[in-house]
C-alpha cells in the first residue's frame, strides 16, 4: 500500500534510522528497508563518496566475516535524495528508502474500563479496515482506532520478528486457540507483572513472564528489512524487546577524518575524477575511458595514459597501506607533525590546518604543561559509514586508536542480502587539535594514586566484561584514555558557552595510541555538518583564549552537584555499563551521545582534575 513519504536527513539514515531500525509513524510502525530496498535508479539521486582508508578497513572487516564476496569491491554512496523539481515525468519509482510495516500486531488505543483492569483488543494488520488500515471494526460494529503494539521479539544477531502471541500465551496446549486476545493492565505503575496478554479462552501471560529466557522460542532468522530471511537460520533464542527502547538498535558506524593524498597536479586531477576512473587498471582501459568521456579527455590533456594509470595505482596503494595502521594513527601523525601548514588552503581541500605557537592559544600557563601543542583545523572532512547494527547490546567501542573492536563487532546484522556498497555521509567542518606530552603522561601514570585509581576502574571493567559474550576478546582502555576523555567532555561544554555552537554540534576524536611507533596522545574537538555550515569559524575563533577556557573547564570538574555521591562512585559495585566509569554523571561529564565517540563510557573526572575526594590522581593539577 502506498503512503505519504516521510523525510529524513541523510545523516539520520547513517546514525539512527538505518536499515533494520524501527520508526514510529502517526498510525503505524515501520522497519527501515535494507540496501536492497533503497531506490536509487534515478540519475543524480545519489553520488559516490571517495574515502580509500575507510573502504580498505571495511573491505577487510566484511570479507573476514563473509558479508562481502572476495571478488567484490566495496564502494560508499550517499543515501538517495528525492527532488520533486528534478524528478522525471512518468517515473514510477522515485528515489527513496522503502519501509515495511512492522510489527503486524496492533492494540486498540482506547481501553475498556472494568474496575482496576483496563483492557484493549489485540488485532493483526490483516484484520484492520483495508481503507486506511488505521482502525478495525469490532464485534459490535464499532470502529476502533489502533496503534502498533510496543513489544516484539529479536535475538542477539539482530534478527527481528513479531511475537507469536497465540503460541506464547498457550504454551503447553495441544490445540491452537483462535479466540480473540486482549492486553490487560492493572494499576498505574507500568510494572510488567501488572500487564497481561489474555485470550478469550482464559489463558494469559504477563509481560514479566514473557521476558523469561526461552519463553518466546527459537529465533527463525527473520529479517523484515531485507527481501529474504537468514539462509542458514539462527540458533539463538528469541528475546523480549520493546521496539521503542534504546537497545532496539545500535548502529555500527566507522568514522574517519579525510587526509590529503594529492602530492602534485596529476594526483589532484586523479582524485578529482576518481569517480569516473576508479575502475581503470590498465593503459588500454584508460584509453577507453578517455574516448568515452570528453571531460576526462580535457582534464588529462598532456598526461599519458601510463602516467594516469600509475597515479591511480599509487592512490589505491596509499589507501590499502593505511589499513596497516588504524585510521586514528594516520590522523594523529599528520595533525601532530608540527608543520606550519597541514593540507592546503583551497575551497575543495579535504584538510587545512595550522600549527600554532604557544602564545597564540594562551598556553603560557603552568597548569597547561601536559598540552604540548595546539593545531587550528580550519577545514576538515568527516566521512561516517554505516556497516551494520546490533540489538540488545551495543558493539564494543573502538578506543586507543585500535581496530580490534571493529573486528569483534561482526555479530552485527547485515544491511543487504548481497553487499556491494555501504551508505555514507560526508560532512565538512572545523576543529581544534591538542597534542599531549607523552613524557607528561608517563610521569603522571607513575604516581601511586593513579595506580590505585586504575585498579578501581579495572575491577569494574572486569566485572562488566565477564557478562559480555565477547568479553574475553576485549582489553581495558588505557588510563590516559580515561583522563583525556574526561578532559574532552569538560572542554566541549566550556567551549560551547564561548563559541556560539551548541554542545550537541561538537564532536570528539580521542587519540591514546601506544604501538611500535611510540606513544601518541591527542584530542580533536570539531564540528561538522552537511555543506559549508560547519566551517563558519566560531570554533577557530576561541583559540586566542583557549588557555583560559581550559582552566575554567578544569575548575568546573572540582565540584559536581552530584557530589559526594558522584566523586565516590565505585565501578566494582555494578555489573552494567556504570562499571565502566568512575566519577562521572549527567551533572558533570556526560554529554549528548552524538558528541561522544564512546557512548559516554570510560569517563572519570578524578583522573583529569582534582575532585572533593582526591587530587593526587589528576593529570591536570589544581589552580595556582
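The values are calculated or read from the model by the stated rules, or taken from the named source; none is laboratory data. It should be emphasised that the depicted structure is a prediction, and the values quoted were computed from it without experimental measurement. Here the Cβ positions follow ideal geometry from the backbone for every residue, glycine too, while neighbour counts run over all protein chains shown.
Answer yes if at least one residue in the stretch 317-334 is crowded, with 20+ Cβ neighbours inside 10 Å, part of a loop (DSSP other than H, G, I, E, B), in contact with a strand residue (DSSP E or B) (Cβ under 9 Å, 6 or more places away or on another chain) and at pLDDT 85 or above, and no otherwise. No, the conditions are met nowhere in the stretch 317-334. The single condition among (1) closer than 30 Å to residue 20 by Cα; (2) free of Cβ contacts under 8 Å to residues at least 12 places away in the same chain that residue 188 does not satisfy is (1).
Based on this model, can you work out whether residue 246 counts as in contact with a helix residue (DSSP H, G or I) (Cβ under 9 Å, 6 or more places away or on another chain) and under 30 Å from residue 386 (Cα atoms)? Answer is no for this residue.
The set of residues in the stretch 171-219 being part of a helix (DSSP H, G or I) and under 24 Å from residue 161 (Cβ atoms) consists of 192, 207, 208, 209, 210. In the set 538, 531, 615, only one residue is on the phi > 0 side of the Ramachandran plot and either at pLDDT below 90 or touching a strand residue (DSSP E or B) at 6+ places or on another chain (Cβ under 6 Å) (or both); that residue is 531.
Restricting the stretch 224-253 to residues that are in a helix (DSSP H, G or I) and in contact with a strand residue (DSSP E or B) (Cβ under 8 Å, 6 or more places away or on another chain), which is modelled with the lowest pLDDT? Walk me through it before giving the result.
Quick first cut of the stretch 224-253, residues in a helix (DSSP H, G or I) only: 246-248.
Then drop every residue that is not in contact with a strand residue (DSSP E or B) (Cβ under 8 Å, 6 or more places away or on another chain), which leaves 247-248.
Working: 247: 86, 248: 89.
Among residues in the stretch 224-253 that are in a helix (DSSP H, G or I) and in contact with a strand residue (DSSP E or B) (Cβ under 8 Å, 6 or more places away or on another chain), the one modelled with the lowest pLDDT is 247.
Here residue 187 clears all of (1) exposed (fewer than 13 other Cβ atoms within 10 Å of the Cβ); (2) touching a helix residue (DSSP H, G or I) at 6+ places or on another chain (Cβ under 6 Å); (3) under 21 Å from residue 103 (Cβ atoms) except the condition numbered (3).
Looking only at residues of the stretch 14-43 that are modelled with pLDDT under 85 and within 12 Å of residue 77 (Cα to Cα), we find that the one that is surrounded by the fewest Cβ atoms within 10 Å (Cβ to Cβ) is 40. Flag not set for residue 566, criterion: under 25 Å from the mean Cα position of the chain (by Cα), modelled with pLDDT of 90 or more, part of a loop (DSSP other than H, G, I, E, B) and crowded, with 16+ Cβ neighbours inside 10 Å. The residue that is modelled with the highest pLDDT, counting only those in the stretch 44-71 that are assigned to a loop (DSSP other than H, G, I, E, B) and loosely packed, with under 15 Cβ neighbours inside 10 Å, is 47.
The set of residues in the stretch 599-617 that are over 18 Å from residue 443 (Cα atoms) and outside any loop (DSSP other than H, G, I, E, B) contains only 605. Scanning the stretch 37-76 for residues that are more than 21 Å from the chain's Cα centre (by Cα) and more than 30 Å from residue 330 (Cβ to Cβ) turns up 37, 39, 40, 41, 42, 43, 44, 45.
What number of residues within the stretch 115-128 satisfy the criterion of being outside any strand (DSSP E or B) and either farther than 13 Å from residue 27 by Cα or modelled with pLDDT under 80 (or both)?
Selection size over the stretch 115-128: 4.
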